[in-house]
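J.: Before anything else, here's the structure in question.
The values are calculated or read from the model by the stated rules, or taken from the named source; none is laboratory data. In this text, all values refer to a predicted model and were calculated from it rather than measured experimentally. So basically every Cβ, Gly included, is an ideal-geometry build from the backbone, and we count neighbours across all protein chains shown. The accessibility values were calculated without ligands, DNA or RNA, using every heavy atom of the protein model including side chains. Shrake-Rupley method; radii C 1.70, N 1.55, O 1.52, S 1.80 Å.
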Amino acid sequence: MQPAIAKSFMLKVNLIAAGLDNLGFTDTTKGIVAGETLYMSSHSNNSYAGSNVSSTGTNIAFGPLGIEQMKSDIRNQVSARGDIMDHSGEIIVKYPNALEGRAYALANSDKMVGTNNNDAAFAKHGIRYVRVPFLTSATAWFARLADNEEQGLFMIHFKPYSIEKLAKDRRLFNSYIASQKLVAGWRDFHGTWGTPGA
């Protein structure tokens, strides 16, 4: 039973982590700042614009132009002092199962996907595409900076997964208890980006 129980706990951890994105436009309980969702255009950021959604104000389709827009938006995020944060490292793009074929084309094409445009494939430069089967929307996709120091998502394990053997009961059977304590959330919107897609 131990492998099956461990697999079940790992599934739950993945569901909790994906829940940050799945509920990122609606849930106001996962962040440090009360009343804010993870993905929004008006984060508390001193008196400067704090946004981690599309600067065009529309839902962005998963494609080469969407990736270009996301890169621009995430690299132009400003600090609470109004300074461009100059995020220059790799970006992880998270997408659902429904967009796997599109992600494969974006990650492997040398030219601009889905067009007659002969421009080089900017959508694969500095991007790592990661399929997240636990995302609940077929169109929503998300991005975060790969460097954990430059983005504010977290998962804290208060008690790691463990199985403990209890004392024998009066029938002389041993019981076991499996447990784990963790919490996922976000401390800072910088270095993240999301769209419901189109």
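J.: Report, by residue number, each residue of region 23-34 that is open to solvent by 50 Å² or more (accessible area, probe 1.4 Å) and modelled with pLDDT of 90 or more.
T.: Within region 23-34, Leu23, Phe25, Thr26, Thr28, Thr29, Lys30 meet the criteria.
J.: Would you list the strands (runs of 3 or more DSSP E) that sit entirely within region 108-185 and hold 3 or more residues that are of a type outside the set (Lys, Arg) and in contact with a Ser or Thr (Cβ under 9 Å, 6 or more places away or on another chain)?
T.: Once the strands (runs of 3 or more DSSP E) in region 108-185 are filtered for at least 3 residues that are of a type outside the set (Lys, Arg) and in contact with a Ser or Thr (Cβ under 9 Å, 6 or more places away or on another chain), what remains is 141-145, 152-165.
J.: Starting from region 143-156, take each residue that is crowded, with 16+ Cβ neighbours inside 10 Å and list its partners that are hydroxyl-bearing (Ser, Thr, Tyr), counting only C-beta distances under 6 angstrom and pairs at least six apart or across chains.
T.: Pairs that qualify, where the first residue is crowded, with 16+ Cβ neighbours inside 10 Å and the partner is hydroxyl-bearing (Ser, Thr, Tyr), are Arg144/Thr192; Gln151/Thr192.
Condition check ((1) hydrophobic (A, V, I, L, M, F, W, C); (2) at pLDDT 90 or above; (3) buried (at least 16 other Cβ atoms within 10 Å of the Cβ); (4) out of contact with any Leu (no Cβ under 9 Å at 6 or more places or on another chain)) across all residues:
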{"position": "Thr37", "(1), (2), (3), (4)": "no, yes, yes, no"}
{"position": "Ser47", "(1), (2), (3), (4)": "no, no, no, yes"}
{"position": "Val78", "(1), (2), (3), (4)": "yes, yes, yes, yes"}
{"position": "Ser88", "(1), (2), (3), (4)": "no, no, no, yes"}
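J.: If a residue has to be open to solvent by 40 Å² or more (accessible area, probe 1.4 Å) and farther than 15 Å from Thr139 by Cα to count, how many in region 52-64 make the cut?
T.: 3
J.: For residues in region 78-103 being in contact (Cβ under 8 Å) with a residue 24 or more places away in the chain, over 17 Å from the mean Cα position of the chain (by Cα) and not in a strand (DSSP E or B), which is farthest from Thr192 (Cα to Cα)?
T.: Step by step, filter region 78-103, then rank; the result is Arg102.
J.: Okay, next question. Among the residues of region 186-198 satisfying the criterion of being in a strand (DSSP E or B) and not polar (S, T, N, Q), which is surrounded by the fewest Cβ atoms within 10 Å (Cβ to Cβ)?
T.: Applying the filter and picking the extreme gives Arg187.
J.: Could you count how many residues in region 91-113 are touching a Gly at 6+ places or on another chain (Cβ under 9 Å) and of a type in the set (Val, Ile, Thr)?
T.: Final tally of qualifying residues: 2.
J.: Anything in region 9-20 that is modelled with pLDDT of 90 or more and either open to solvent by less than 80 Å² (accessible area, probe 1.4 Å) or within 14 Å of Pro96 (Cβ to Cβ) (or both)? List them, or say none.
T.: Those that are modelled with pLDDT of 90 or more and either open to solvent by less than 80 Å² (accessible area, probe 1.4 Å) or within 14 Å of Pro96 (Cβ to Cβ) (or both): Val13, Asn14, Leu15, Ile16, Ala17, Ala18, Gly19, Leu20.
J.: When you look at Phe134, is it open to solvent by less than 30 Å² (accessible area, probe 1.4 Å) and more than 18 Å from Glu150 (Cβ to Cβ), yes or no?
T.: Criteria not met by Phe134.
J.: What's the number of the only condition in (1) assigned to a loop (DSSP other than H, G, I, E, B); (2) open to solvent by less than 40 Å² (accessible area, probe 1.4 Å); (3) among the β-branched types (Val, Ile, Thr) that Ile67 fails to meet?
T.: (1)
J.: Which of the residues that make up region 164-178 are in contact with a Phe, Trp or Tyr (Cβ under 8 Å, 6 or more places away or on another chain), open to solvent by 50 Å² or more (accessible area, probe 1.4 Å) and among the hydrophobic types (A, V, I, L, M, F, W, C)? Break it down stepwise before answering.
T.: Initially, region 164-178 is screened for residues in contact with a Phe, Trp or Tyr (Cβ under 8 Å, 6 or more places away or on another chain), giving 164-166, 178.
Keeping just the survivors that are open to solvent by 50 Å² or more (accessible area, probe 1.4 Å) gives 164-166.
Once the filter is applied, which keeps residues that are in contact with a Phe, Trp or Tyr (Cβ under 8 Å, 6 or more places away or on another chain), open to solvent by 50 Å² or more (accessible area, probe 1.4 Å) and among the hydrophobic types (A, V, I, L, M, F, W, C), region 164-178 yields only Leu166.
J.: So Met112 fits all but one of (1) modelled with pLDDT of 85 or more; (2) surrounded by 15 or more Cβ atoms within 10 Å (Cβ to Cβ); (3) among the aliphatic types (A, V, I, L, M); (4) in contact with a helix residue (DSSP H, G or I) (Cβ under 7 Å, 6 or more places away or on another chain); what number is the exception?
T.: Every listed condition holds for Met112 apart from (1).
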